[in-house]
Amino acid sequence: MHFASAREEMLQFAPGTRYCYSNFGYNILGRIIERLTGMDYEAAARKLRA
């Protein structure tokens, strides 16, 4: 999911009434890793695991 589409997406239910899991935080973390390392996420993950 792209950031712009996430901002435009309508809520599925009223805040505080239900819970729905989302990986969006991991998306943001991947972008941060790309910015800090100057590599794409996959290359950075490979290098960091080595």
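Things worth noting here:
- CD proxy at 222 nm, helix term only [per DSSP H run n ≥ 4: -39500 (n - 2.57); per residue of the chain; nearest 500]: -17000 deg cm²/dmol
- Accessible surface of the chain [probe 1.4 Å, protein heavy atoms]: carbon and sulfur percent: 57
- Against the main long axis of the alpha-carbon atoms of the chain, helix 24-37 sits at an angle near 30°.
- Heavy-atom accessible surface of residue 33, to the nearest 10 Å², is about 40 Å², with a 1.4 Å probe and all protein chains retained.
- From the largest down, the chain spans 43, 20, 13 angstrom on the principal axes of its Cα atoms.
- With R₀ set to 30 Å, the beta-carbon distance separating residue 22 from residue 50 gives a calculated FRET efficiency near 0.50.
- DSSP loop chymotrypsin sites (Phe, Trp or Tyr not before Pro) with at most 15 other Cβ within 10 Å excluded, longest remaining stretch of the chain: 22-50
The values are calculated or read from the model by the stated rules, or taken from the named source; none is laboratory data. Because the structure is predicted, anything quoted here is derived from the model rather than measured. Note that each Cβ is placed from the backbone with ideal geometry, even for glycine, and that neighbours are counted across all protein chains shown. Accessible surface is based on the protein model in full, side chains and every heavy atom, while ligands, DNA and RNA are left aside. Shrake-Rupley method; radii C 1.70, N 1.55, O 1.52, S 1.80 Å.
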